[in-house]
Amino acid sequence: MKPAGDKSRTLILWIAVQAFITLLAGINLISPWTRTPLPFGEFVRWREMFSMLLITPGSVAVVSLVMWTLERGRKDAGGPLALLVMGGCLLGVSMGCHEPMNVLNGAGGPRLAPSLHFWDEIFSHAVFFAAYAAISVALIWSQVRNPLPLPMSKGVALAFILCGIIGGVGIYCTELPAGDITVDLVVIAAVIAVAECLRKGRSFSLLPVNVSMEGAYVLALVALILKRL
């Protein structure tokens, strides 16, 4: 078992990497440059390439390392691990479907419009929400099962809070190009509620993953609600 200080440092590293990946995902969606087509066709853009080849697999790899840091040495890690794997698979399915369909939406004519709408706006979104919830709950469940033995210092806590702020900005940016985000807000709020149920009043000072993840979700939720108002 790693000492508490070593585990905190490892978690800071991976949580910080994940926060910046989330920020890059947001920048990828709002940047005009990433809308530039590749030479393979007008509907093949850098945005989808970055999303499917770099951001999605990179994010899944990093959250897996967070899980490894938390559950390492435990023989009863099957539940959180299975939930994380399921979420990662669903995330790959949703992004692999949504990104190509998103750029094609409106380009297939009246005959294909209903099918493209289904794959882009209904199927891929539903699968993504399931993936987001599964991965979030898996990580928070794992953290609650494996709290730090000693409270974080103020400096360490601040580092996790900053990661949460960066991640929250990234989530906010990913929602800016979207239209109606009512369902998105409900899902984010539901995940926060589940996280609090899992935490059961335990101190945030022992749960650094909760600090970053819940902080990012609350920040994004409040900012998006204020934007709608």
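The values are calculated or read from the model by the stated rules, or taken from the named source; none is laboratory data. As the structure is a computational prediction, the values presented were derived from the model and not from experiment. For neighbour counting, all protein chains shown are included, and Cβ atoms are generated from backbone atoms with ideal geometry for every residue, glycine included.
Every residue in the stretch 34-57 that is in a helix (DSSP H, G or I) and over 14 Å from MET101 (Cα atoms), please.
Hits for the stretch 34-57 are THR34, ARG35, TRP46, PHE50, LEU53, LEU54, ILE55, THR56, PRO57.
I'd like to know if the stretch 109-126 contains one or more residues that are charged (D, E, K, R), free of Cβ contacts under 8 Å to residues at least 24 places away in the same chain and surrounded by fewer than 19 Cβ atoms within 10 Å (Cβ to Cβ).
Yes, there is a match, as at least one residue in the stretch 109-126 is charged (D, E, K, R), free of Cβ contacts under 8 Å to residues at least 24 places away in the same chain and surrounded by fewer than 19 Cβ atoms within 10 Å (Cβ to Cβ).
For (1) farther than 20 Å from VAL144 by Cα; (2) touching a strand residue (DSSP E or B) at 6+ places or on another chain (Cβ under 8 Å); (3) of a type in the set (Lys, Arg), each residue gets a yes or a no:
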site	(1), (2), (3)
THR34	yes, yes, no
PRO57	yes, no, no
GLU71	no, no, no
GLY78	no, no, no
ALA82	no, no, no
MET86	no, no, no
SER94	yes, no, no
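From the list LEU11, LEU65, LEU24, which one is at pLDDT 90 or above, assigned to a helix (DSSP H, G or I) and in contact with a Pro (Cβ under 8 Å, 6 or more places away or on another chain)?
None of the others qualify; the one that does is LEU11.
Of the residues that make up the stretch 82-92, is at least one more than 16 Å from the chain's Cα centre (by Cα) and modelled with pLDDT of 90 or more?
Yes, the conditions are met somewhere in the stretch 82-92.
Out of the residues in the stretch 78-95 that are among the aliphatic types (A, V, I, L, M) and closer than 17 Å to VAL209 by Cα, state the one that is surrounded by the most Cβ atoms within 10 Å (Cβ to Cβ).
This residue is LEU84.
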